[in-house]
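Okay, so here's the structure we're looking at.
The values are calculated or read from the model by the stated rules, or taken from the named source; none is laboratory data. This is a predicted model, so every value here is computed, not measured. Glycine also receives a Cβ, built like all others from the backbone with ideal geometry; neighbour counts cover every protein chain displayed.
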Amino acid sequence: MSPKDSNSLTYGLHAVQSLVKNHPERIAKIWVLKGRHDQRLQNVLDEAKGIDRVYCKKDKLNELAQGGNHQGIIADCERQEVNGRAWDEDDLYDAVALAKNKALLLILDGVTDPHNLGACIRTADAAGVLAVVVPKDNASGLTPVVAKVACGAAETVPLVQVTNLSRTIQKLKELGLWMIGTTGEATLSIYKAKLTGPMGLVMGAEGKGMRRLTQENCDELIQIPMAGQVSSLNVSVATGVALFEIVRQRQS
């Protein structure tokens with residue numbers, strides 16, 4: 001298995017189990033650690049009946065996962081997309097129009113760390129986000145690492161990669177979404193902002209934050225108050241704080 005083929009792999013117990021449950025037809029075969037017999041692994045294998053499996057030594061799994069934490073199981077997918085719910089921009093616009101006032105999107109401007117992207121997708125699933133939107137260039141896409149960190153959420157929350165993020169944001173605004181951007185320079189606290197109705201939450205990249213044009217396309221800028229010495233939060237942590245403040249306001 002060469003490195004160029006690695007994007008067809010999904011590894012880790014949660015990620016493989018979600019793939020088995022939601023899209024078993026995509027799995028060509030499963031590699032399993034020889035000699036491992038614990039119940040967690042057995043539960044996944046019980047659900048994967050009918051799928052070809054290859055039992056092999058740990059060295060082989062380490063080679064396939066290229067250093068990733070495979071937890072003794074790797075699935076080889078026939079399609080290259082790790083996400084079973086791959087959408088294009090038209091799918092995104094149709095879904096937003098259908099969701100109407102309940103529409104909630106997470107828009108990530110240039111998040112390059114796959115661990116952060118995976119964590120954001122996992123949080124987006126928990127918060128009921130319709131889809132996660134990212135630019136195609138200079139940003140992480142769906143990889144086995146992303147799917148592993150997302151713990152199955154990559155199979156339920158579509159990741160939409162767009163060519164021009166600013167143009168996509170403008171189109172989403174035309175469809176009625178209110179665009180909320182997060183930045184440390186904003187004066188409005190997230191806890192004083194009105195975060196109900198159809199909206200897109202825009203988060204900036206690690207360290208750099210949002211690009212200028214992305215920020216200019218936001219309808220409103222908010223900040224998460226920081227009480228300690230640290231000036232900012234990791235993007236995946238900040239995403240969790242912001243999304244669940246939206247959830248809280250929507251539920252109340």
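Taken over the range 36-77, the residue count meeting the criterion of being at pLDDT below 90 and at positive phi is 3. Which of the residues spanning the range 217-236 are at pLDDT 95 or above and either not polar (S, T, N, Q) or not assigned by TED's automatic domain parsing to the domain that holds Ala186 (or both)? Across the range 217-236, the qualifying residues are Cys218, Asp219, Glu220, Leu221, Ile222. Taking the criterion of being in contact with a Gly (Cβ under 9 Å, 6 or more places away or on another chain) and closer than 14 Å to Gly240 by Cβ, the residues of the range 112-144 that qualify are Leu117, Ala119, Cys120, Arg122, Thr123, Asp125, Ala126, Ala127.
Looking only at residues in the range 217-252 that are in contact with a strand residue (DSSP E or B) (Cβ under 7 Å, 6 or more places away or on another chain) and in contact (Cβ under 8 Å) with a residue 60 or more places away in the chain, the one that is surrounded by the most Cβ atoms within 10 Å (Cβ to Cβ) is Thr239. Of Gly67, Gly141, all but one fail to be under 22 Å from Gly12 (Cβ atoms) and not assigned by TED's automatic domain parsing to the domain that holds Pro198; the exception is Gly67.
Could you grab me the full set of residues in the range 185-225 that are part of a loop (DSSP other than H, G, I, E, B), in contact with a Phe, Trp or Tyr (Cβ under 9 Å, 6 or more places away or on another chain) and among the small types (Gly, Ala, Ser)? Residue satisfying the conditions is Gly197 alone.
Each residue in the range 174-184 was checked for being of a type in the set (Gly, Ala, Ser), closer than 25 Å to Asn138 by Cβ and part of a loop (DSSP other than H, G, I, E, B), and 1 of them qualify. In the range 199-209, which residue that is in contact (Cβ under 8 Å) with a residue 24 or more places away in the chain and within 14 Å of Thr112 (Cβ to Cβ) is surrounded by the fewest Cβ atoms within 10 Å (Cβ to Cβ)? My answer is Lys208.
Name the single residue that is farthest from Asp109 (Cα to Cα) among those in the range 226-246 being in a helix (DSSP H, G or I) and in contact with a helix residue (DSSP H, G or I) (Cβ under 9 Å, 6 or more places away or on another chain). Checked the range 226-246; the qualifying residue farthest from Asp109 (Cα to Cα) is Phe244. Within the set Thr196, Thr214, Thr182, the sole residue that is more than 30 Å from Asn22 (Cβ to Cβ), surrounded by fewer than 17 Cβ atoms within 10 Å (Cβ to Cβ), at pLDDT 90 or above and under 23 Å from the mean Cα position of the chain (by Cα) turns out to be Thr196.
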